[in-house]
1. Mind checking the mean number of beta-carbon atoms from other chains within 10 Å of the Cβ atoms in A:50-58?
2. Provide the buried accessible surface between chains A and B in square angstrom, both chains summed, 1.4 Å probe, rounded to the nearest 100.
3. So what are the ³J(HN,Hα) numbers for region A:262-279, from phi and the Karplus equation (6.51, -1.76, 1.60; θ = phi - 60°), rounded to whole Hz, Gly and Pro as x?
4. At what distance in nm do the modelled label points of B:Leu141 and B:Arg87 sit from each other, each positioned 7 Å from its Cα along Cα→Cβ?
5. Assign unit charges at the C-beta atoms only (+1 for Lys and Arg, -1 for Asp and Glu), then state the dipole size of region B:53-152 relative to its Cα centre in Debye, rounded to the nearest 20.
6. Compare the Cα positions of B:Val135, B:Ile104, B:Met56 along the charge dipole of region B:35-158 (+1 at Cβ of Lys, Arg; -1 at Cβ of Asp, Glu; about the Cα centre) and return the one farthest towards the positive end.
7. Can you compute the charge dipole magnitude of the protein assembly as shown about its Cα centre, using +1 on each Lys and Arg Cβ and -1 on each Asp and Glu Cβ, nothing else charged? Give it in debye, rounded to the nearest 20.
8. Choose one answer from B:Glu82, B:Glu42, B:Glu118: the residue with the largest mean-square fluctuation in a GNM of chain B with alpha-carbon springs under 10 Å.
Amino acid sequence: MNISLNITKTITELLSGFMSEGAANIGAMVTIALIYLAIFAVAGLYLVLLERKVAAWFQLRIGPNRVGPWGLLQTMADALKLVSKELTGTVKADKFLYNLAPYFVIVSSLMALSVFPFTQDFQAFDINIGIFFLIAISSLGVIGILLGGWASNNKFALIGAMRSGVQTISYELSVGLSLLTMVLITGSLQLSEIVEVQKNGWLIVQGHIPAVIAFMIYMIAGTAETNRAPFDMVEAESELGAGFHTEYSGMKFAYFFLAEFINMFIIAAIATTVFFGGWLSPFGITESIPWLGVFWFVGKTLVLVFLMMWFRWTFPRLRVDQLLTLEWKYLLPLNLLNIILMALIVWLNLTIQF
Amino acid sequence: MSYFGDIYKGIKTLLTGMSVTGKYFITARKGAITQQYPDNRETLKMFERFRGEVVMPHDENNEHRCTGCQKCEIACPNGSIEIIWDRQIDEETGKKKKMIDQHIYHLGMCTMCGLCIEACPTDAILWAQNYENSVYDRSQLTKVLNQSGSKLKAGVED
Ligand code: SF4
Ligand code: SF4
């Protein structure tokens with residue numbers, strides 16, 4: 001195994017002091033996994049709270065404000081409630097697949113987190129096909145949704161799951177192609193390398209017009225990928241009950257719910273890394289203090305997350321046919337044109353470098 | 001060229017929508033329309049429009065203004081009010097007269113529509129300002145609005 005695990009290296013060295021090398025490697029990986037799990041379970045809960053607060057402010061309401069100061073413990077209490085609830089299921093459900101589905105969804109979204117460079121050396125898994133890996137992993141989650149819808153033995157759930165299949169397969173293309181447009185500039189799929197390239201200006205500046213178009217397409221397709229409103233055909237409370245997770249309760253429901261919010265974070269984090277310079281500070285103002293990169297990364301990501309929430313609480317929902325028209329007749333042709341434009345710009349050296 | 005025209009128009013309208021909600025977002029802290037749950041029971045002043053339950057006020061002589069005309073009973077769309085009345089001899093004039101015996105109000109069935117209060121010709125009933133009306137037994141929701149031994153205030157009928 002010759003993969004570089006940046007933060008794991010320190011832990012491996014620490015552990016190999018009193019363990020054999022193999023055991024130290026595995027120990028380090030388990031430690032990292034547990035740390036990530038703990039951080040992102042809590043972060044996911046706070047994203048839910050953020051969503052609820054932001055939604056309230058958009059609708060001139062107050063939002064959760066009872067549990068803890070300013071309602072800060074609200075989602076913690078919700079999670080506690082969900083853990084203590086009974087796990088129900090339908091009689092004719094396919095028990096094995098039904099129980100497997102939530103784990104598919106949550107594991108695939110947690111896996112994607114491992115490749116993000118939060119700051120210079122804070123990256124669990126610096127794989128050289130980073131972007132490709134992310135696209136592959138993010139389309140894995142839909143299997144969980146399909147399984148959940150199918151195994152619940154419920155018509156609404158099945159319709160929701162099928163819609164999810166249609167939607168994810170269509171919009172996956174746009175996500176992939178818009179990221180490909182940016183890869184034309186970076187010339188690398190490795191996320192740390194992509195950030196490195198942006199030391200001469202963030203890619204959205206370097207690539208100017210086609211980069212802005214690619215960013216817009218990415219944000220639209222990314223919102224659709226996470227099944228959020230205005231693309232929430234999958235859950236569609238108004239016509240499908242709750243879509244694919246109608247039959248889930250308690251912690252299994254919570255996994256689906258948490259995965260949705262972690263996916264939103266992931267989509268925003270990919271955009272941060274690829275378009276807005278990842279952990280790089282604007283104009284290199286904090287270049288001498290590398291650990292501040294975490295704050296820049298999380299800050300930029302949260303701004304993009306806010307943008308997605310803004311979409312959600314502004315735009316009306318689409319019908320399924322409108323959804324597909326938008327993808328196949330508008331986003332996809334534009335995206336292909338945009339790639340040619342970007343290729344020309346890179347070929348003619350028209351990128352803006354500082 | 002309507003293809004690109006559509007895209008332009010689409011983006012423009014989406015941005016218009018976002019600017020509207022964005023404005024709401026910025027002003028949300030000042031203009032929140034949510035009312036908080038009334039925790040401040042001591043200093044609480046409820047709003048004029050608040051509808052707690054229908055009550056019949058009595059004055060210090062235990063007199064109310066209800067003539068037993070049954071207009072509220074007829075006005076109520078879901079039969080929450082029952083008037084039990086009988087004919088008694090009026091002491092002053094010596095004639096038989098319709099008088100209210102019990103004004104029964106089913107709070108559990110009331111939709112707080114306020115039609116009974118509007119219908120009452122003598123303003124005998126009005127909205128109370130209380131809240132937290134839940135009880136452990138349904139029978140507690142059936143209330144007799146006129147107090148026992150109360151009688152009609154003189155002059156209301158004129
Ligand atoms: S408020 Fe409406 S529902 Fe309630 S008692 Fe009066 S008329 Fe009936
Ligand atoms: S409460 Fe008013 S409307 Fe109802 S019986 Fe009495 S006087 Fe008539």
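1. Per-residue shielding by partner chains comes out at 2.
2. 1800 Å²
3. For region A:262-279, the Karplus curve yields 5, 4, 4, 4, 5, 4, 5, 5, 4, 4, 4, 5, 8, 9, 10, x, x, 7 Hz.
4. 3.7 nm
5. Here the size comes out at about 360 debye.
6. B:Ile104
7. About 580 debye.
8. B:Glu42
The values are calculated or read from the model by the stated rules, or taken from the named source; none is laboratory data. Owing to the predicted nature of the structure, the values given are computational and were not obtained by experimental measurement. Positions of Cβ are generated from backbone atoms using ideal geometry, with glycine treated the same way; all protein chains shown enter the neighbour counts. Just so you know, the surface numbers come from the protein's heavy atoms only, side chains and all, with ligands and any DNA or RNA stripped out. Shrake-Rupley method; radii C 1.70, N 1.55, O 1.52, S 1.80 Å.
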